[in-house]
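A.B. asks: Quick one: the structure is below, and I'll ask about it shortly.
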Amino acid sequence: MLEAIHRNTRVVVDLSIIKQNISKLKSKLNPSKQVYAVVKANAYGHGMIPVAKAALEAGVQGFCVANVDEALALREAGIMEPVLILGLSRVEDAPLLASNHITAAVDSVEWLLQAAPLLKEIPLKVHVAVDSGMGRIGVVNEKELTEVEAVLRNGPFEFEAMFTHFATADEEDTAHLTKQEEKFNGMIGELEERPPHIHCSNSAYAIWHSAGDSDIIRYGIGLYGINPSNGDLCVEDEELLTPALQWETEMVKVKKLEIGDTVSYGATYKAKEPQWVATLPIGYADGYIRAYNKGEVIVDGVRCPIIGRVCMDQCMVRLPHEYPVGTKVTLLGKNKEEEITAIELAKRADTIAYEVICMISDRVKREYING
Ligand SMILES: *Cc1c(COP(=O)(O)O)cnc(C)c1O
């Protein structure tokens with residue numbers, strides 16, 4: 001989608017907050033641990049390159065992304081630090097990764113055997129993925145691991161790390177997590193030789209499980225100042241997570257409804273009394289989805305309900321009184337004493353805060369402050 005630059009609807013990202021969130025995490029960690037900023041999916045909607053640069057200034061040692069193109073975009077922006085692709089890549093892209101010094105997650109001996117003849121001078125850096133109970137990618141047993149390790153050590157590869165991902169690190173009940181930890185530790189024990197790094201920590205694990213034996217922390221949602229458990233578990237140090245993103249728009253029309261007037265598709269909202277309403281230039285094509293209409297926006301520190309259905313590009317809110325066209329409206333973030341969090345929006349739509357911020361579409365202009 002085209003970025004709408006002639007419209008006063010924007011996401012404002014405070015880069016000093018991103019840096020502060022990283023510094024707070026680092027102050028909690030043993031200094032021997034490395035932090036990799038997870039900037040996949042356009043840095044969870046915040047904008048990959050500005051966030052990556054801020055994260056570097058805050059002292060992260062590397063980056064995690066989801067796919068080859070995200071990794072290449074970091075390189076094109078001049079970022080030279082390690083970049084790990086968390087998902088599996090196509091075998092034909094192995095030379096592209098090697099020549100850009102991008103690290104691949106690998107979980108099969110077949111992949112390595114097919115990649116080996118394609119690799120020329122530069123070895124490919126590899127992190128071996130272990131499936132300890134996430135059921136997504138990774139070697140599943142000792143036999144697979146042993147085979148992968150043998151090929152890695154005898155081919156054009158650099159075996160840099162072994163890693164796993166936990167399915168329930170953000171939950172109160174630790175039974176499944178303990179099983180995963182045991183399986184992962186068992187797999188580490190099967191290695192002929194330990195690679196330089198072992199890692200297993202996402203944000204939730206770093207926040208609630210002291211990052212365990214993970215010597216690289218793959219810090220995603222926490223970087224953006226959002227509680228990984230969607231608010232189910234509390235974070236002791238309140239300063240650890242400060243949201244960096246504000247989503248705001250401005251009233252493009254303000255009008256008075258008379259009794260019986262209806263609003264939006266389906267004419268589901270009918271005025272029971274005369275009232276002021278504003279039309280906002282934001283809709284589900286911007287990632288402000290229809291499910292959000294169960295809630296409110298903030299105008300001048302006061303919550304105002306969304307009325308009628310959210311349209312593709314516009315939506316309407318009820319005002320306590322008349323406001324001038326151009327009045328600022330906060331969709332997500334703080335406005336005076338009031339705040340709408342990503343978790344609040346998520347709950348309206350029966351989803352998680354991760355999805356809310358990733359859904360903010362590229363039609364919405366991103367602006368950066370305190371960079
Ligand atoms: C996305 C992802 C992360 C980051 O998770 P957060 O919960 O955002 O910290 C870490 N590791 C893997 C494998 C991931 O896919």
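A.B. asks: For segment 226-358, take N as its residue count and report Rg(C-alpha) divided by 2.2 N^0.38 Å.
C.D. replies: Dividing the Cα Rg of segment 226-358 by 2.2 N^0.38 Å gives 1.10.
A.B. asks: Further question on the same structure: Sort out for me the Cα centre separation of segment 118-136 from segment 264-321, rounded to whole Å.
C.D. replies: 48 Å
A.B. asks: If you don't mind, another one. Could you please report the charge total around K26, scoring K, R as +1 and D, E as -1 over all other residues with beta-carbon less than 11 angstrom from its beta-carbon?
C.D. replies: +4
A.B. asks: So which lysines pass the test for K53, namely a Cα distance under 26 Å, with those fewer than 8 places away in the same chain ruled out?
C.D. replies: K19, K24, K26, K28, K33, K40, K125, K334, K365
A.B. asks: Is there a quick way to get the dipole size of segment 245-333? I mean about its Cα centre, with the Cβ of Lys and Arg at +1 and of Asp and Glu at -1; what is the value in debye to the nearest 20?
C.D. replies: The dipole magnitude comes to about 260 debye.
A.B. asks: First measure r as the distance between the Cβ atoms of K253 and S16, then evaluate 1/(1 + (r/R0)^6) with R0 = 35 Å and state the FRET efficiency to the nearest 0.05.
C.D. replies: Step by step, r from the Cβ atoms, then E = 0.50.
A.B. asks: Please work out the FRET efficiency for the pair E81 and E190, using the Cβ-Cβ distance as r and a Förster radius of 35 Å; give the result to the nearest 0.05.
C.D. replies: For R0 = 35 Å, the calculated efficiency reads 0.70.
A.B. asks: Also: For a quick check of your reading of the filter: which trypsin sites (Lys or Arg not before Pro) in segment 92-160 sit in a DSSP loop and have no more than 15 other Cβ atoms within 10 Å?
C.D. replies: Filter output for segment 92-160: K120, R136.
A.B. asks: What FRET efficiency comes out for K334 versus D69 if R0 is 41 angstrom and r is the Cβ-Cβ distance? Round to the nearest 0.05.
C.D. replies: That gives a FRET efficiency of 0.75.
A.B. asks: Once you list every other residue whose beta carbon is under 13 Å from the beta carbon of T9, what net charge do they have if Lys and Arg are +1 and Asp and Glu are -1?
C.D. replies: With Lys, Arg at +1 and Asp, Glu at -1, the net is -1.
A.B. asks: Answer with one residue from S201, V68, P31: the one whose Cα lies farthest towards the positive end of the charge dipole of segment 15-231, charges on Cβ with Lys, Arg +1 and Asp, Glu -1.
C.D. replies: Towards the positive end, the residue furthest out is P31.
A.B. asks: Using only helices, what value at 222 nm comes out for the chain when you add -39,500 (n - 2.57) per DSSP H run of length 4 or more and divide by the total residues, to the nearest 500 deg cm²/dmol?
C.D. replies: The helix-only estimate for the chain comes to -7500 deg cm²/dmol at 222 nm.
A.B. asks: Over the C-alpha atoms of segment 149-289, what are the Rg and the largest Cα-to-Cα span, Dmax, in Å?
C.D. replies: 25.2, 79
A.B. asks: To the nearest µm²/s, what D does Stokes-Einstein give for the chain at 10 °C and 1.306 mPa s, using the Kirkwood radius over alpha carbon pairs as Rh?
C.D. replies: 71 µm²/s
A.B. asks: Considering only DSSP states other than H, G, I, E and B, which trypsin sites (Lys or Arg not before Pro) in segment 274-346 qualify as loop sites with at most 12 other Cβ atoms within 10 Å?
C.D. replies: Here the sparse-neighbourhood loop sites are K336.
A.B. asks: Starting from 0.36 nm per residue, how many nanometres of slack lie between N154 and L233 once their C-alpha separation is accounted for?
C.D. replies: 23.9 nm
A.B. asks: Measure nothing fancy, just the Cα-based angle from helix 175-190's long axis to the longest principal axis of the chain, in degrees from 0 to 90, nearest 10.
C.D. replies: Between helix and principal axis, roughly 30 degrees.
A.B. asks: Of G295, G189, G87, which has the largest mean-square fluctuation in a 10 Å C-alpha GNM of the chain?
C.D. replies: It is G189.
Read-outs: derived from the displayed coordinates by stated rules, not from any lab. Note that the structure is a prediction, hence the values are computed from the model and not measured. Glycine also receives a Cβ, built like all others from the backbone with ideal geometry; neighbour counts cover every protein chain displayed.
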